[in-house]
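Undergrad: Structure below; questions to follow.
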Amino acid sequence: MPALIAIRGLRKIYQMGDENVHALAGVNLDFNKGEFVAILGPSGSGKSTLMHILGFMDTPTEGSIVFEGQEVAGLSADRRAWYRSNRVGFVFQSFNLLPRLTVLENVALPLLYREDSKPEANEAAAKIALERVGMSHRLDHRPSQLSGGERQRVAIARAIVGMPAIIFADEPTGNLDVKNVSRILELLASLIKEGITVVLVTHDLAVADHAHRIISMREGSVQEDRQR
Amino acid sequence: MRIFERLRPAVVNGLRELQANKVRSLLSMSGIILGVASLVAMVTVVQGMVGNFRQFVDAMGGIEKITVDKQPLPKEQEHLAELSEGMTMRDVDQIRATIPLVQNISPEVRVGYEKLSIEGREFSTYVTGCTADYLPVAKRWIDPGEGRFVSDLDILHKSDVIILGSAVVTELFQPNEDPLGKVIKMRGRRFTVVGIMNNIEGSGMQVRSANSKSSGGMWRWRNSGAYIPVTTAMVKFTGNDRLSALGLRVASGDDLNNAVEQVERTLLTTHHGLKDFSINTNEQTLEDFRKTEAAFKLSLGGVAGISLFVGGIGIMNVMLASINERIREIGVRKAVGARGSDLFLQFLAEAAVISVLGGIIGIGVSMGVVALMNFILTQALPSGMVAKFDIIIMLQGLAFSVVIGLVAGVYPALRAAKLDPIEALRHE
């Protein structure tokens, strides 16, 4: 089976004054469907840059990314937006729910930007996603009325509402207490059963330990890629 | 692209932002509210005034009226004074024969104030000798069923008939009395009432015709007065064949200048070169009104324009502040799939919602202002309503505010659209 994402010779070079900073210095990686992968590394290792490029938020300076059989390294901003609303989900450390919207509206948000967006269908899909994360009882609450763990579950519901191929979770447990950390990690791990690839981006070895494959990065390169 | 379906959530979102920041939104709207209110109120009031000017000029005989009055000879002709015959019916015939531009010509003899009496009741009023053409030239009419005016036969026979202004009727007759056919005495002569002029109603600058017999207000002078055949006036009152004035009517205001020129040439011929007459039109009056109107529109429109401009700046300011506060939101929306154009639309819709609401409130305020001005004017002038609410003006005001809102929203919306999602998400 071909890889979900195949990265070859990926480079990202930033101009910082007169100096070129190699955030990614030639990365080769494959991600498969239904994998639970952790990308581990200290800040500045290039793990965030890699996540942004793979999540269609940024473009590489050089190299090739084949996503579901398509070359996507040089896509336009609007095409990348399409991938973000259709094929990719994000879970952030600080949840990033919109405070004015209800739980249900927050979860339905990615569907709003799809071409076939229909309010009723979006709402139905959002309810299913919220059920999946066990938050059906809080549909009309505002994010501020929820605990940290609850907010992250809503954020996960938002990430999976559009049936993405892959979810990027950027330090998803960084703002949570111990009890909620394992719950969220278990929830993320359970998503692979639905064929979703989950990529955990973290600097915390204990968190990365939950994944089935750990990719260690340092100074823009993959240092270690280990199946567990 | 189905723009409407993308627009709807954007508008809903805009309303929601408005609701979440009520005070700020109201403040940002205040400029638009004031701008639209002043624009709509001023245009409405100026339009009302201009309408009154037009009616006033119309009441003076309209733009198509030319008046020829007697005038002392100019200095260089003073020594020829005894040769001056003044205006006579010969001038009337000559103008009628040679100037087709003149549709009606009304010779008038001003008899002056005369005492009218019937059955012991007396009333002094201004008596004018005239012909049938007086009606179209002066734009006054006999009310239906209230008799007739001076006829050609009256002129021929120098009949002793009289037509009364509506204000005269109320002074000389009981309300239930029919004046037609009654005989009135004037300077010992007996005149039969054959017609009653229509009543010019309204006060202040407003004029309208009505069947009502009431008189009063500032137009009383136009409702008093009595009319007899011009030949009767010459033979039985002035004792000569001189006319006091000529009233002329041309088909349209465009012919006015040509007609004035031709009338002057014709009269100079019949008067053997003596300039013992002056030709006047209502054009100067109308021109003055036009200048006043233009000045009002310019100054008031300028004020309204400036307040709308300031309103636009207010909206832009609030939009920029709002975007600054919501950089993170913009990042989140982009991360979950919003394109730049989605965010552009969202923020533009927000600006439009503010301006439309501001415009609607502004129109409401303008209605209050116009009503207040009308009230004050009614108290001060005893005049009727000076300005009418005009849905077209209101819609124009609203359209103006929407345009301002959209223009003011473009720059902030572009900024939102161009934000980099990664930077935006990092923003604290």
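The values are calculated or read from the model by the stated rules, or taken from the named source; none is laboratory data. Note that the coordinates shown come from a computational prediction; the quantities given were computed from them, not determined experimentally. For neighbour counting, all protein chains shown are included, and Cβ atoms are generated from backbone atoms with ideal geometry for every residue, glycine included.
Undergrad: Only residues that are surrounded by fewer than 20 Cβ atoms within 10 Å (Cβ to Cβ), part of a helix (DSSP H, G or I) and not hydrophobic (A, V, I, L, M, F, W, C): list them for the range B:75-110, please.
TA: B:LYS75, B:GLU76, B:GLN77, B:GLU78, B:HIS79, B:GLU82, B:ARG90, B:ASP93, B:GLN94, B:ARG96, B:THR98
Undergrad: Yes or no: the range B:249-272 includes at least one residue that is part of a strand (DSSP E or B) and under 27 Å from B:PRO229 (Cα atoms).
TA: Going residue by residue through the range B:249-272, those that are part of a strand (DSSP E or B) are B:249-250.
If we keep only those that are under 27 Å from B:PRO229 (Cα atoms) as well, we get B:249-250.
Yes, because at least one residue in the range B:249-272 is part of a strand (DSSP E or B) and under 27 Å from B:PRO229 (Cα atoms).
Undergrad: Restricting to the range B:123-177, count the residues that are in a loop (DSSP other than H, G, I, E, B), under 27 Å from B:ASP58 (Cβ atoms) and modelled with pLDDT of 90 or more.
TA: 7
Undergrad: May I pose another question? Could you list, in sequence order, the residues of the range B:19-28 that are surrounded by 15 or more Cβ atoms within 10 Å (Cβ to Cβ) and either more than 16 Å from B:LEU320 (Cβ to Cβ) or within 11 Å of chain A (Cβ to nearest Cβ) (or both)?
TA: Scanning the range B:19-28 gives B:ASN21, B:LEU26.
Undergrad: On to the next question. Go through (1) more than 14 Å from chain B (Cβ to nearest Cβ); (2) within 20 Å of the chain's Cα centre (by Cα); (3) at pLDDT below 95 one by one and return the number of the condition A:VAL103 breaks.
TA: Unmet condition: (3).
Undergrad: Can you spot a residue in the range A:48-68 that is at pLDDT below 95, touching a His at 6+ places or on another chain (Cβ under 6 Å), not small (Gly, Ala, Ser) and not in a helix (DSSP H, G or I)?
TA: yes
Undergrad: In addition: Yes or no: B:VAL353 buried (at least 21 other Cβ atoms within 10 Å of the Cβ) and either within 14 Å of chain A (Cβ to nearest Cβ) or in contact with a Ser or Thr (Cβ under 6 Å, 6 or more places away or on another chain) (or both)?
TA: Answer is no for this residue.
Undergrad: Just the residues that are farther than 25 Å from A:GLY162 by Cβ and loosely packed, with under 15 Cβ neighbours inside 10 Å, please, taken from the range A:178-220.
TA: A:VAL178, A:LYS179, A:SER182, A:ASP204, A:LEU205, A:ALA206, A:ASP209, A:GLU219
Undergrad: Could you go through the range A:198-207 and let me know if any residue there is within 16 Å of A:VAL133 (Cα to Cα) and within 17 Å of the chain's Cα centre (by Cα).
TA: yes
Undergrad: Can you tell me which of B:VAL57, B:VAL36, B:VAL68 is modelled with pLDDT under 85, at negative phi and surrounded by 16 or more Cβ atoms within 10 Å (Cβ to Cβ)?
TA: Numbers: B:VAL36 fails: modelled with pLDDT under 85; B:VAL68 fails: modelled with pLDDT under 85.
On inspection, the qualifying residue turns out to be B:VAL57.
Undergrad: List the residue pairs whose Cβ atoms are under 8 Å apart, where the first residue sits in the range B:313-328 and is closer than 11 Å to B:GLY405 by Cβ, the second is of a type in the set (Asp, Glu), and the two are 6 or more positions apart or on different chains.
TA: B:MET319/B:GLU350
Undergrad: Scan the range A:149-158 and tell me whether some residue there is facing chain B (nearest Cβ under 10 Å) and acidic (Asp, Glu).
TA: No, every residue in the range A:149-158 fails to be facing chain B (nearest Cβ under 10 Å) and acidic (Asp, Glu).
Undergrad: Away from every other protein chain (no Cβ under 14 Å) and either under 30 Å from A:ASP78 (Cα atoms) or not β-branched (Val, Ile, Thr) (or both) - does that describe any residue in the range B:335-349?
TA: Checked the range B:335-349: at least one residue is away from every other protein chain (no Cβ under 14 Å) and either under 30 Å from A:ASP78 (Cα atoms) or not β-branched (Val, Ile, Thr) (or both).
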